[in-house]
Amino acid sequence: LKSIGEILSSPNYDKSKALKEQKQLLTLKKERLERLIFAIDGAMKGENIMNAFDNSEFEKYKSEVQKKWGETEAYRQYEENTKNYSEEKWNDLSEGMEHIMAEFAVCMKKGSPDSEEAQNLVKMLQNHITANYYLCTNEILSGLGQMYVTDERFKSNIDKHSSGTAEFISQAIKAAGI
């Protein structure tokens, strides 16, 4: 409690920032709970509550990814960095990415791809990938931005937040000069 008191009375304490970060965490938890409730509702109706892709779909995409990027340094980093991730860690990472995409959707409704907020989200996306999977260079991020709009699987998954979000992200990445 003494440490908390010191933090709160510190001149560097930013109440607005702390509240915003807490809200982001609570929003992620809320979204996760909503997905669990949706899955339970589906199970009660006799529906399969497996992840969005069944094992055969997962294996198909895994094979596709290995064929395209299996020989790259980024893929080797991904394999090394994720080999010991627990299911909870994967869920947390998925929630983090969903949160970033949802923030892009909100930003899209308020401004342009070259706005400061959109550019901060581009950095957040790049940092999230680098911190959890592989070094997301500007070149890789540019490729992801293109893939978000050219690969219908990515586009539809991102656009579930709001139609046009994938295109907005792609444009925001381009506006960053990446």
Those residues of segment 148-158 that are open to solvent by 30 Å² or more (accessible area, probe 1.4 Å) and in contact with a helix residue (DSSP H, G or I) (Cβ under 6 Å, 6 or more places away or on another chain) come to a total of 3
When residues of segment 86-122 are limited to those that are of a type in the set (S, T, N, Q) and part of a helix (DSSP H, G or I), the one nearest to the chain's Cα centre (by Cα): Ser94
Keeping to segment 113-135, report how many residues are in contact (Cβ under 8 Å) with a residue 12 or more places away in the chain and either in contact with a strand residue (DSSP E or B) (Cβ under 8 Å, 6 or more places away or on another chain) or open to solvent by less than 70 Å² (accessible area, probe 1.4 Å) (or both). 12
One residue from Ser156, Ser163 being in a helix (DSSP H, G or I), within 22 Å of Glu31 (Cα to Cα) and free of Cβ contacts under 8 Å to residues at least 12 places away in the same chain: Ser156
Would you check which residues across segment 65-78 are open to solvent by less than 80 Å² (accessible area, probe 1.4 Å) and not in a loop (DSSP other than H, G, I, E, B) and list them? Val65, Ala74, Tyr75, Gln77, Tyr78
Considering only residues that are in contact with an Asp or Glu (Cβ under 9 Å, 6 or more places away or on another chain) and within 13 Å of Ala175 (Cβ to Cβ), which ones fall in segment 121-133? Leu121
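The values are calculated or read from the model by the stated rules, or taken from the named source; none is laboratory data. Just so you know, these numbers come straight off a predicted model, no measurement behind them. Cβ: placed from backbone, ideal geometry, glycine included. Neighbour counts: every protein chain shown. Heavy atoms of the whole protein, side chains included, go into the accessibility calculation; ligands, DNA and RNA do not. Shrake-Rupley method; radii C 1.70, N 1.55, O 1.52, S 1.80 Å.
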